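Working notes, beginning with the structure itself.
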Amino acid sequence: MIAEAKPEATATMTLDGVDLAFTEGETIYDVATRANKDVPTLCYDPRLEAFGACRLCVVEVEGIRNPVASCTTPATAGMNVRTATKTIEKHRRTLLELVASENRENEVDELRGLASQELKTLLDRYEVRNGRFAGCQSGTTNTTDDNPFILRDYDLCISCFRCVRVCAEQEGDHAITMMNRGFEKQITTEFNGILKDSACTFCGQCVQTCPTGALGDIKAMRAESLPGKVEKTRTVCPYCGVGCSVDLLTKEDRLVGVQPAMDGPANEGALCIKGQFAFDFVQHDDRLKMPLVRGEDGELHEVDWDTALDLAADGFKKVLERHGRHAICGVASGRAPHEAAYTMQKFIRAGFGTNQIDNCSRA
Amino acid sequence: MPTNDELIACWQDEEAPLLPLLHALHDRDGFLNEQDIRAVAEGLNIPIAEVFGTVTFYHHFAREAPGQSAPRVCTGPVCRLLGSPDLVKALDGATPMACAGRCDDAVPVLQGHEIRVGQTVDTLEARPSPLPPPNPGGIEECVFAHIREPGRATLDGYQRTGGYEALKQAREMSREDLLALITDSQLAGRGGAGFPTGKKWEMVEQADGEPKSIVCNADEGEPGCFKDRAILDYEPHAVIEGMAIAAHATGATKGFIYLRYEYPDSFKIVERAMAESAELIGDSFQLYLRRGGGAYICGEEGSLLNSLEGKHPFPRNRPPYPVTHGYDDLPTVVNNVETLASVPPIVAKGPEWYRGLGLGEHAGTKLVSVSGDIRRPGNFEVPFGLPLLTLLNDWCGGAEDGRGIQAVTMAGLSGGFLAGDDLDVTLDEPSIKAKGSFLGAAGIMVFDDTRDMVEVAHCAMEFFAEESCGKCFPCRIGTQRLTERLNGAAGPDDEAAWLQEVRDIGQVMMATSACGLGIAAPNITESLVKYFPEQVTAHLKTAHQSGIKQ
């Protein structure tokens, strides 16, 4: 990725009594975040165009009667901003009480998705689990969509539209939309159908940006009841040449899910259906754990490693003697670890002296 | 009947094509089916999911039969007083619709492109909307000065008293002089926000980017407001002339009239007026008429512009403002019908004349729509500064015999209620704001002393909940929760706790909502609690006893 040169700071504003320089185009939220202010948000995703729906990021600006949404308001020279006055914090608490009142539940397993704990964390921070503002629930869970990847549990949806926006702005699929108005607003697909019939490519970005777990990673959720803590290991997705950074989620010694890395330089939180959901082969019952050799009977039989390797070496040698080194070609698997891919090319290049090595993931 | 392809070919290269194309298909079939929506998406190169979501946003786009052919009955606040919910039941296949702007001649029933009015099935008839009555105060008018002359909506009728002379005059002036004239008149936005018109035009004139547009906001959706309807039906050329003058002042070359769906008669009248005046206006200013799909929020300028552009009609984040980033993200004047119709007389007679129409220090006039429990409802052009009680009692004849005025709404519904001693106020923004309300678009609905104000407040909040666009959290959830507290469906039984919840919701909505809908809606509950605490207490007792809570 080519980093853009950061323009010089051109003006100054005051934030909670401190003068701060900013560059034109920055919002109040940008400046506040840089100053390590923990301004709460629910509809914000730094990769998306600021939307201004949740209103949690409101701040007071001197000379403006009502608080403004800091995520959509540009910083201007001489602006005097206060990010967490008593009044502002009270509004945030009331907003969170209102949000908490519209859901079936507000506790979800972290395996539902990368951002799934955002609402829960804010409810804890503002201590607002008090049952105020009781009333009917918004959003209706889709129980007819039986796709194996994305849970559509809209009973927990707070209409932040991050899924709609990530699908349009990041993935370019425009598969997700919002129907109706007001409290009846419902996240759905074209003609209120199922994802399979829409433009969805099952990239999973909607799941990973959902701040409540209304959209859930069905594959990872299978491990919710497994014992152990979720651990994350940073690696690079082996499926193709883009080089998306991912965190592999494990519980004890079991791979339970994949999440995109928001700071991955190649993907910035994006993945495709394979990188996101196609990891079952790792622990699949059908996976080969011992080499197989075809016998006289035409069937494959399990043999020990030495027998198999000897047989393979003989085969390679014969080809080499009869047709020369360039008759050898290697194709490594995208489902093998990077270390194996490296070893494979070393084996072909150094072992046989040919450059005829490729990988099925070379996209 | 035209095919989808023919209709798409007809609209796809036009300005602001989505709404008219959807209407063309909807008019043809009576509803928009899946194939229609797919065809529109492909034809206009918009994602299908987006077109689908946008279609579901509007009230009047049906997706299945009987769709457009089924009657829709107004159940706005005034029509409810006249028993319109019974008319919904009595009319075969009828469904309710939000206030359709016929409060002075209720109850309107919309079916296809026809409006019929009447309070019972047998008395429903199609008739022209009421003309404003002659000014009861005998006071000189600006917008209504000639509106009662026969044939006024035609070009001949309009030109009989100097119509389009102001445009000629304006076109002979420099932009600078014209802008100065409008600024000097102190004309301000008559849709309710009151932004100085001259300043707005000047900002557009100075903004970078072309082509610039003039958008006439004729999406008069505020319950209890029907003043723009009177202008559009009887004085459409004044609006067109006003827009052409604005175009000359700002350098705009395009104009749009965004008309609410529920005014089909006005659509035809304006369409004809546009055709008649096209030659006179000339090629330098192209005018387009666009019909909404039924959505109160599209009266908010950001939503209106999104709707016009074929986007999901959410309000836009501000800044930037339409003066720099309006239609197609280019400099745009968005003015209300009344504001634009005031322009030609101001140009013709001068700013001093216009300013002088107001009482005392107030400049100019305001159209006010009065309806509800009042003897003579209608549209009135009042000088700013006129006492409210003069309007209600002297001009409109007060309440029926033996009844008193219990409360009136301000700004349609958005200003909440005024009652008791606070009715003793003059009609101008500073005075009404001092009472915790605002004049806004100046719809005044009257409720006499037989009315249950909690029920009136409930209907009002239900309207805001149904019309909330659903974007910002405080409005989306707040209007719903307030509605539930007013109808007893949810909320605390204990009065102190109830009041605390209602107040907290109101405060957060007023302070943090993204547009005027959410900011204004709690005026209803705030003023209810302020003026009618004993009715609130009685409501909570009844709700508690009847156990209607879910």
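The values are calculated or read from the model by the stated rules, or taken from the named source; none is laboratory data. Keep in mind that what you see is a predicted model, and the values were worked out from it rather than measured. No Cβ is skipped: glycine too gets one built from the backbone with ideal geometry, and neighbour counts run over all protein chains shown.
Summary table below
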item: Some residue of segment B:232-242 being surrounded by 21 or more Cβ atoms within 10 Å (Cβ to Cβ), closer than 17 Å to B:P322 by Cα and touching a residue at least 24 places away in the same chain (Cβ under 8 Å); result: no
item: Residues (touching a strand residue (DSSP E or B) at 6+ places or on another chain (Cβ under 6 Å), within 14 Å of chain B (Cβ to nearest Cβ) and surrounded by fewer than 21 Cβ atoms within 10 Å (Cβ to Cβ)) located in segment A:199-228; result: none
item: Residues of segment B:197-211 that turn out to be within 16 Å of B:P319 (Cβ to Cβ) and part of a loop (DSSP other than H, G, I, E, B), as a count; result: 3
item: Given (1) within 11 Å of chain B (Cβ to nearest Cβ); (2) within 19 Å of A:P211 (Cα to Cα), number of the condition A:L123 does not satisfy; result: (1)
item: Total residues in segment B:402-425, condition out of contact with any Lys or Arg (no Cβ under 7 Å at 6 or more places or on another chain), over 17 Å from B:L81 (Cβ atoms) and either surrounded by 20 or more Cβ atoms within 10 Å (Cβ to Cβ) or free of Cβ contacts under 8 Å to residues at least 60 places away in the same chain (or both); result: 8
item: Segment A:27-47, residues that are within 14 Å of chain B (Cβ to nearest Cβ) and not hydroxyl-bearing (S, T, Y); result: A:I28, A:V39, A:P40, A:L42, A:C43
item: Extreme residue, surrounded by the fewest Cβ atoms within 10 Å (Cβ to Cβ), among residues of segment B:43-68 that are farther than 15 Å from B:H23 by Cβ and touching a strand residue (DSSP E or B) at 6+ places or on another chain (Cβ under 9 Å); result: B:P47
item: Subset of segment A:187-198 [facing chain B (nearest Cβ under 9 Å) and either closer than 23 Å to B:H60 by Cβ or part of a helix (DSSP H, G or I) (or both)]; result: A:T188, A:E190, A:F191, A:N192
item: Yes/no for B:E501 being under 24 Å from the mean Cα position of the chain (by Cα), at pLDDT 95 or above, surrounded by fewer than 24 Cβ atoms within 10 Å (Cβ to Cβ) and within 9 Å of chain A (Cβ to nearest Cβ); result: no
item: Some residue of segment B:109-117 being over 27 Å from B:I444 (Cβ atoms), free of Cβ contacts under 8 Å to residues at least 24 places away in the same chain and surrounded by 17 or more Cβ atoms within 10 Å (Cβ to Cβ); result: no
item: Whichever residue in segment B:475-498 is surrounded by 24 or more Cβ atoms within 10 Å (Cβ to Cβ) and among the hydrophobic types (A, V, I, L, M, F, W, C) and, among such residues, is farthest from A:T73 (Cα to Cα); result: B:L486
item: Candidates B:G251, B:G326, filtered to the one that is farther than 20 Å from B:H60 by Cα, more than 14 Å from every other protein chain (Cβ to nearest Cβ), touching a Leu at 6+ places or on another chain (Cβ under 7 Å) and at pLDDT 95 or above; result: B:G326
item: Only one of A:D155, A:D173 that is more than 12 Å from chain B (Cβ to nearest Cβ), farther than 22 Å from B:P315 by Cα and not in a strand (DSSP E or B); result: A:D155
item: Exclusive hit being buried (at least 20 other Cβ atoms within 10 Å of the Cβ) and either more than 16 Å from A:E97 (Cβ to Cβ) or assigned by TED's automatic domain parsing to the domain that holds A:G213 (or both), set A:G135, A:G131, A:G172; result: A:G135
item: Enumeration of residues in segment B:144-155 that are more than 17 Å from B:V370 (Cα to Cα), of a type outside the set (D, E) and part of a loop (DSSP other than H, G, I, E, B); result: B:A145, B:H146, B:I147, B:R148, B:P150, B:G151, B:R152, B:A153, B:T154
item: Filter pass, A:F183 being assigned to a helix (DSSP H, G or I), within 8 Å of chain B (Cβ to nearest Cβ), surrounded by fewer than 24 Cβ atoms within 10 Å (Cβ to Cβ) and aromatic (F, W, Y); result: no
item: Total residues in segment B:57-68, condition under 21 Å from B:L289 (Cβ atoms) and not in a helix (DSSP H, G or I); result: 4
item: Filter result (more than 12 Å from A:F133 (Cα to Cα), at the interface with chain A (Cβ under 7 Å from one of its Cβ atoms) and either among the β-branched types (V, I, T) or part of a loop (DSSP other than H, G, I, E, B) (or both)) within segment B:463-492; result: B:S468, B:C469, B:G470, B:K471, B:C472
item: Among the candidates B:K311, B:K212, residue that is surrounded by 19 or more Cβ atoms within 10 Å (Cβ to Cβ) and among the basic types (K, R); result: B:K212
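Every residue, every condition in (1) among the hydrophobic types (A, V, I, L, M, F, W, C); (2) without any contact (Cβ under 8 Å) to a residue 60 or more places away in the chain; (3) at the interface with chain B (Cβ under 9 Å from one of its Cβ atoms), yes or no:
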site	(1), (2), (3)
A:E49	no, no, no
A:L56	yes, no, yes
A:E62	no, yes, no
A:P74	no, yes, yes
A:T83	no, no, no
A:T87	no, yes, yes
A:L96	yes, yes, no
